[in-house]
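The values are calculated or read from the model by the stated rules, or taken from the named source; none is laboratory data. Note that the structure is a prediction, hence the values are computed from the model and not measured. All Cβ positions, glycine included, derive from the backbone under ideal geometry; neighbour counts span all protein chains shown. Areas reflect the complete protein model, heavy atoms only, side chains present, ligands, DNA and RNA absent. Shrake-Rupley method; radii C 1.70, N 1.55, O 1.52, S 1.80 Å.
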Amino acid sequence: MFRGMFLAAGDELTRQRATDVDDIKAGLLRILLGVKEQDLTDIPPESIIITENLTPSMTAALNKNNVRGIVTENGGRTSHSAILARALGLPAVLSVPDAVSVMEDGMKVIVDGSEGIVIAEPDKETQQFYIEKQAAFAAEKKLLADYAGRPTVTADGKKKEVYCNIGNISDAVTASEKSGEGIGLFRTEFLFMKSEHAPDEELQFETYKKAAQLFKEGSVIIRTLDVGGDKNITYLGMQSEANPFLGFRAVRYCLENKELFRTQLRAILRASAFGCIKIMVPLVTNVSEMRQVRQLIDEIKCELEAEGTNFDRNIQLGAMIETPEASMIADLLAKECDFFSIGTNDLTQYTMAADRGNPQVSYLNNVYEPAVLRFIRHIIKCAGEEGIPVGVCGEAAADPMMTPLLLAFGLDEFSVNPAYVLRTRYNISRWTKEEADRIADVAMTFDTAEEIEKYLKMTIIK
Ligand code: PEP
Ligand code: MG
């Protein structure tokens, strides 16, 4: 009843109190049923986490050393639960219906992240199979160690870049330890999500500066606040929306909340004095958004100049291309941008009109869909014609079956989870342009994602 009353309230802040009622209800039920709440900081060794969703606050609290795997009920391959699990470097399987109710405390569970398989109470034979699989995985890891600290080059000697996707400074440290050549995507919203209020200019400045200092040789691409969609930040008091993924989010929100945006841009610009920082704008849909952001940056530059504060006067400004609209007008956007980065996670979701976190439509959420591949090819072509560099920072950048296609299309930079740097560098080193072109030419003749995937699997995974 109280929950309903809160939900019916006119203002968002009161409506959000419904979550508190849910929390109290869950707490009372736990006491009545005698269920002990799991303290994530004090999880026993060799644990497998089985949960509905993985959230940033959960991953922050988790004692990673004691966790061997993660299983969630929700979230697709490119959902934020999946991205967080990958950042932890742990095997994870998502979208397992009823996992929480079916699996019990103390059960023996196998989590095969490479195949997306979860096995509860495996028999002896299955256990043996997975012990061997684990050993083969460890051997491959050893082999890949050879690619650490090396430049990324194709089989015919073309220089490429493997950058990293990060959400905080500890990820940036991992990225540099794992031999990433730069940061291709700093998801700054995680900085905002982990606290009770928006981080001030000083805190943001120090964070971005540290990232820049870690990568003296490469670029650090900082994405401005990508709030909204599935990334709600309660204290920002955002209205609940019927279609949050199509709503007031990312650059749309920032351009309407100029003080918050200004603070972030000032922090990024100040940090740009300490390395090669670039600014990237999420969810750009038209040219006018890019122009508005550039104008704001120009105003802040004048401000900093007047104060005598140091910054990179030539700081580059790029757009994430992750909507069908931006893809279609990539030729126009390329004239407004210093670089592009293709967000294949959202680009797939919006092109296919299929929520990337909804398991029921995950069959549509497929980067091998001809429409998505054609968009990617078109975006890279437009960037090339305008002479600006282009990267991919969606999960497709780490997919070995996508590597020859992306090379054939002319991609410059692959931005991946730090755990995938060496494998991606190795995958790039396997192909000459001629071979990649041949594979892409055939792949692009098929009508369906299934045929494309089947062909790529047959040709690439040997
Ligand atoms: C993307 O959409 O591909 C992307 C890299 O951004 P995010 O996953 O944070 O939406
Ligand atoms: Mg995105």
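Here nothing in the chain passes the span test, since no DSSP H helix has an alpha carbon length of 27 Å or more along the helix axis and a Kyte-Doolittle mean of 0.0 or above. If you plug the beta carbon distance of Phe248 and Gln127 into 1/(1 + (r/R0)^6) with R0 = 41 Å, you get a FRET efficiency near 0.25. For an R0 of 22 angstrom, estimate the FRET efficiency from the Cβ-Cβ distance between Thr41 and Ser170 and round to the nearest 0.05. Taking R0 as 22 Å, the efficiency between Thr41 and Ser170 is 0.90. When +1 charges are put on Lys and Arg Cβ atoms and -1 charges on Asp and Glu Cβ atoms, the dipole computed for the chain relative to its Cα centre reaches about 820 debye. Annotation note: trypsin sites (Lys or Arg not before Pro) in the range 98-191 located in DSSP loop regions with a Cβ neighbour count of at most 16 within 10 Å are Lys108, Lys158. The phi-based Karplus calculation (6.51 cos²θ - 1.76 cosθ + 1.60; θ = phi - 60°) puts the 3J(HN,Hα) values of the range 68-76 at 9, x, 9, 10, 10, 7, 10, x, x Hz, whole numbers, x for Gly and Pro.
Taking a straight Cα-Cα cut-off under 18 Å and skipping sequence neighbours fewer than 8 places away in the same chain, the aspartates and glutamates within cross-link reach of Lys216 are Glu161, Asp171, Glu177, Glu181, Glu206, Asp312, Glu413. Rounded, prolate or oblate: which fits the range 353-430, taking a ≥ b ≥ c as square roots of the Cα gyration tensor eigenvalues, rounded meaning a/c under 1.5, else prolate when a/b beats b/c? Oblate, because a/c is 1.5 or more while a/b does not exceed b/c. For the chain, the relative contact order works out to 14 percent when only alpha carbon pairs closer than 8 Å and six or more residues apart are counted. In a fully extended conformation the segment linking Ala371 and Asp298 would gain 22.6 nm over its present Cα-Cα distance, using 0.36 nm per residue. Amide H contacts under 5 Å for Ile166: Leu185, Phe186, Arg187, restricted to partners 5 or more places along the chain or on a different chain, H placed in the peptide plane at 1.01 Å from N. For the chain, the residue among Val67, Val220, Ser327 whose Cα projects farthest onto the positive side of the dipole built from Cβ charges is Val220.
In a fully extended conformation the segment linking Ile119 and Asp156 would gain 9.1 nm over its present Cα-Cα distance, using 0.36 nm per residue. Note on the range 38-144: with charges restricted to the Cβ of Lys and Arg (+1) and Asp and Glu (-1), its dipole about the Cα centre is near 580 debye. Heavy-atom accessible area with a 1.4 Å probe sorts Arg430, Arg223, largest first, into Arg430, Arg223.
Between Glu385 and Glu206, the simple label model (points 7 Å from Cα in the Cβ direction) yields a spacing of 4.8 nm. Considering every alpha-carbon pair of the chain, the percent of pairs per 20 Å bin, from zero through the bin containing the longest distance, is 23, 57, 20, 0. Remark on the range 38-144: hydrodynamic radius 14.4 angstrom, per the Kirkwood mean of 1/r across alpha carbon pairs. Residues of the range 241-255 with an amide N closer than 11 Å to a point placed 7 Å from the Cα of Asn286 along the Cα-to-Cβ direction: none.
Length gained on full extension, Asp230 to Lys216, computed as 0.36 nm times the residue gap minus the Cα-Cα distance: 1.7 nm. The simple spin-label model puts a point 7 Å past each Cα toward its Cβ; for Ile461 and His197 those points are separated by 5.0 nm.
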